[in-house]
Amino acid sequence: MADLGDPKRTIEIIQKYGFAFQKRFGQNFLIDPHVLDKIIRAADLTREDLVLEIGPGIGTMTQRLAEAAGKVVAVEIDPKLIPVLKETLAGYENVRVINQDILKMDIQALVREENGGRPIKVVANLPYYITTPILMGLFERHVPVDTITVMVQKEVADRMQAGPGAKDYGALSLAVQYHAAPYLVANVPPNCFIPRPRVGSAVIRLTRHPEPPVQVADEKLLSALIRASFNQRRKTLLNSLNNSPEIPFTKEQIAAAIDGLGLSPSVRGEALTLEQFAALCASLLKS
Ligand code: SAM
């Protein structure tokens, strides 16, 4: 099968199958071989690796993944792409295509079945409308993953890497950095896809921490604290936490915990580091 990274070949396939792009599935197919090379290099695959690809599209990246990894499991929601994938992936014996919604899949069970529960690598040009639920689902359900190398919206990549004080710093930065170390692989302009997305893109690699950088007795409370703190950005930390139905502590308990950290009563969530959120969590649990 000819290399699908060649835009002419992609257009041929799309015309042959009369394929109509569906916006609701976030379908923007990669047509730049150099970007594909960068993704494959950054994913650092060996023949020992099981790769989960989310949204193979017409199989452009799947072909490259199959050449570099031990096995590829590709999960695609759009049934119209399944016959296309049958053609483009014919001859690749180490690929399994599953026609399903990734958000409804039991990925733990898949990892057990396909890789004996050993950590997998996730590589994808993600459907942007569900980037956060996909990534947080992998992290919060403790799916065994080594690295996640994904194309995301540029703005989302910026948020994942931001630290306290930066304008992009928020709940996503903290949630991602609690679980993994982010590394920006490349910025990718809209003309590397068909159709062109209206936003810039970036490839980011998230390497899962062997142990989280902070220890907390209740991960769910830490997540709830982080979410609540950024829900109302212009409010103080005290008011944001007090207003949140997810936080089961009184205003007095919250005020005492903030004071105990040596922070001003008017501090905002965006000023706190991950370590400070963990300390706040510990202090509330003791109160
Ligand atoms: N990997 C291909 C490429 O790079 O050219 C396609 C990437 S495209 C940005 C996203 C793909 O994810 C589409 O093929 C789309 O149909 C698929 N997709 C969207 N929502 C999905 C979901 N919930 N579960 C699985 N696949 C999904």
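The values are calculated or read from the model by the stated rules, or taken from the named source; none is laboratory data. This structure is a prediction, so every number in the text was calculated from the model and none was measured. As a convention, Cβ positions derive from the backbone with ideal geometry for all residues, glycine included, and neighbour counts pool all protein chains shown. Side chains are part of the model used for accessible areas, which takes the heavy atoms of the whole protein and leaves out ligands, DNA and RNA. Shrake-Rupley method; radii C 1.70, N 1.55, O 1.52, S 1.80 Å.
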Subset of segment 28-47, residues under 16 Å from residue 194 (Cα atoms) and crowded, with 20+ Cβ neighbours inside 10 Å, comes to 28, 29, 30, 31, 35, 36
Going through segment 63-85 one residue at a time, which ones are farther than 20 Å from residue 22 by Cα and either of a type in the set (Phe, Trp, Tyr) or within 12 Å of the ligand (Cβ to nearest atom) (or both)? 63, 64, 65, 72, 73
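Is it true that some residue in segment 48-61 is within 27 Å of residue 143 (Cβ to Cβ), loosely packed, with under 14 Cβ neighbours inside 10 Å and either of a type outside the set (A, V, I, L, M, F, W, C) or more than 18 Å from the chain's Cα centre (by Cα) (or both)?
Yes; the residues of segment 48-61 include at least one that is within 27 Å of residue 143 (Cβ to Cβ), loosely packed, with under 14 Cβ neighbours inside 10 Å and either of a type outside the set (A, V, I, L, M, F, W, C) or more than 18 Å from the chain's Cα centre (by Cα) (or both).
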Of the conditions (1) in contact (Cβ under 8 Å) with a residue 24 or more places away in the chain; (2) loosely packed, with under 13 Cβ neighbours inside 10 Å; (3) within 16 Å of the ligand (Cβ to nearest atom), the single one that residue 104 does not satisfy is (1)
Residue satisfying all of: in segment 180-204; touching a residue at least 60 places away in the same chain (Cβ under 8 Å) and assigned to a loop (DSSP other than H, G, I, E, B); surrounded by the most Cβ atoms within 10 Å (Cβ to Cβ) among these: 197
From 130, 98, which residue is surrounded by fewer than 19 Cβ atoms within 10 Å (Cβ to Cβ), among the β-branched types (Val, Ile, Thr) and either over 30 Å from residue 212 (Cα atoms) or modelled with pLDDT under 95 (or both)? 98
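Residue by residue through segment 76-97, note down the ones that are of a type outside the set (Asp, Glu), more than 15 Å from residue 134 (Cβ to Cβ) and without any contact (Cβ under 8 Å) to a residue 60 or more places away in the chain.
Across segment 76-97, the qualifying residues are 79, 82, 85, 86, 92, 94, 95, 96, 97.
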Residue identified as open to solvent by less than 30 Å² (accessible area, probe 1.4 Å), under 13 Å from the mean Cα position of the chain (by Cα) and more than 8 Å from the ligand (Cβ to nearest atom) among 147, 88: 147
Take segment 140-155 and flag every residue that is in contact with a strand residue (DSSP E or B) (Cβ under 7 Å, 6 or more places away or on another chain) and part of a helix (DSSP H, G or I). 154
Residues being within 15 Å of residue 10 (Cα to Cα) and open to solvent by 50 Å² or more (accessible area, probe 1.4 Å): count how many of those fall in segment 62-82. 0
Which listed residue, of 50, 36, is modelled with pLDDT of 95 or more, in contact with a helix residue (DSSP H, G or I) (Cβ under 7 Å, 6 or more places away or on another chain) and away from the ligand (no atom under 15 Å from the Cβ): 50
Entirely in segment 205-262, the helices (runs of 4 or more DSSP H) that have 3 or more residues that are surrounded by 13 or more Cβ atoms within 10 Å (Cβ to Cβ) and touching an Asp or Glu at 6+ places or on another chain (Cβ under 9 Å): 219-231
Restricting attention to segment 3-27, report how many residues are open to solvent by 40 Å² or more (accessible area, probe 1.4 Å) and either within 8 Å of the ligand (Cβ to nearest atom) or under 21 Å from the mean Cα position of the chain (by Cα) (or both). 3
